[in-house]
Amino acid sequence: MAALDPLPASVLPPSVLPEGVRSRILPGINGLDIHVLEAGFEEKGRPAVLLLHGFPEIAFSWRNQLQALAAAGYHAIAPDQRGYGRTTGWNADFDADLSSFRFMMLLREAIGVLYALDHRTAEAVVGHDFGAGAASFHALVRPDVFKRMVLMSAPFGGVPAVPFDTVGKPAPAKPIDVHAALAALSRPRKHYQWYQSTREANANQWKAKQGVHDFLRAYYHHKSADWTANKPHELKGWIAEELAKMPTYYIMDLAEGMAETVAHEMPSAAEIAANKWLTEADLKVYSGEYQRNGFQGGLNWYRVRTSGLVEREYAAFTGRTIDVPSTFISGASDWGNYQSPGALARMQKSACTNMKEIHFVEGAGHWVQQEQAAEVNRLLLAFLKST
């Protein structure tokens, strides 16, 4: 289905970028040629802010923050992360070595981007969705490089515990198979992360009957505050009956793929025309990138998580907390705040020792930095100034 490497791509044309934002390729970073968007690059010596996107996003997701950060005196840098956009050198074959998508590799690439652009530190690492997972790992492991942390839409629940004082003790009970329990519900369901880890997930989305552009339009709509049924709340635990309370983009119907799941909620022509935070011109930037590359690169981020690679990598840092000044910004209509039961509370109480504030932005769902760009910019700049 996919070539072994994404097709070579040049920089994004200036016509699709906000004024003052440029696109360029940073060659030879950990085996990749990394595409970045940046603003505030004209003046040497500006402090850096590194912005990490999630799925199915690209560096372009930070278009509204790049300008604001530059205007405030920062060198704002947003890379297409491994597996995405115009960054090349990664392997798009499902059967390729998955270990290249480990968080330690992503950390090496984040540092490589900073160093290539003449920065030994970043004033902050800012991550959204899967980018928040990467940002939290970076801040945990290299607080000397990443001096602050901003997470969006995905709370950091802490480093998994390594079993302690186990010799001569009974083995712990095996956890309930939540996937079997989901499939056995009266409305059979499945967890989206495990679906996105399957071989068929890439073709389902890349070759969706509605086309990539309309697939992405429905996906973004379904997870936004524009979809008025998004009314998130805390879940009692990692059990099928509780997980099934989430919308189908998280807990899918068992017989459907993601393309079919979001197609049920495709916005009307009038709703699309009224959308100011993701215009058709904006969406064409996304759909053009995914039409060229497919989705496997981003889906590999799910696979390292569901395969246990991320947990095993974190285990080397068991007992550590994130101690740099931090803040959390998310949409009030974002189920991402609660999809991992208890993570939000652990982030505030134990996982991050210097968490300044938690912000739930009204009028935003999962795509908070796009849906409510002005408010996110205000909160981001206030945090950087106050810490």
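Placing +1 on each Lys and Arg Cβ and -1 on each Asp and Glu Cβ, with no other charges, gives the chain a dipole about its Cα centre of roughly 660 debye.
For the chain, relative contact order (Cα pairs under 8 Å, six or more residues apart, normalised by length) works out to 20 percent.
Taking segment 36-91, which trypsin sites (Lys or Arg not before Pro) meet the DSSP loop condition and have no more than 14 other C-beta atoms within 10 Å?
Lys44
Listed values (1) 28, 62, 9, 0; (2) 28, 56, 15, 2, 0; (3) 25, 51, 17, 6, 0 include one computed from this model; for P(r) over Cα pairs in 20 Å bins from 0, in percent that value carries the label (1). Inter-label distance, His179 to Arg378: 4.4 nm, where each label sits 7 Å from its Cα along the C-beta direction. Using a Förster distance of 51 Å, how high is the FRET efficiency between Arg187 and Asp118, based on the Cβ-Cβ distance and rounded to 0.05? Efficiency, rounded to the nearest 0.05: 0.40.
If you take the square roots of the eigenvalues of the alpha-carbon gyration tensor of segment 178-297 and sort them as a ≥ b ≥ c, do you get rounded (a/c under 1.5), prolate (a/b over b/c) or oblate? Cα axes put segment 178-297 in the oblate bin.
When the pairs Lys190/Lys223; Lys44/Lys147; Lys169/Lys349; Lys207/Lys231 are compared against a 21 Å limit on Cα-Cα distance, Lys169/Lys349; Lys207/Lys231 fall above it.
Taking each residue as 0.36 nm, the span from Ile272 to Asn354 lengthens on full extension beyond its C-alpha to C-alpha distance by 25.5 nm. The packing ranking of peptides 195-206, 143-154, highest mean first, is 143-154, 195-206, where packing means the average number of other beta carbon atoms within 10 angstrom of each residue.
Going by neighbour counts of Cβ atoms within 10 Å, the residues Leu381, Leu50 line up, fewest first, as Leu381, Leu50. Distance from the C-alpha centroid of segment 60-112 to that of segment 168-220: 25 Å, rounded to the whole angstrom. Considering helices alone, the calculated mean residue ellipticity of the chain at 222 nm is -9500 deg cm²/dmol, with DSSP H runs of length four and up weighted by -39500 (n - 2.57) and normalised per residue.
Readers should treat all values here as calculations from the given coordinates under stated rules, not as data from a laboratory. These numbers come from a predicted model, not from an experiment. Because the Cβ atoms are built from the backbone with ideal geometry, glycine has one as well, and the counts that use them run over all protein chains shown.
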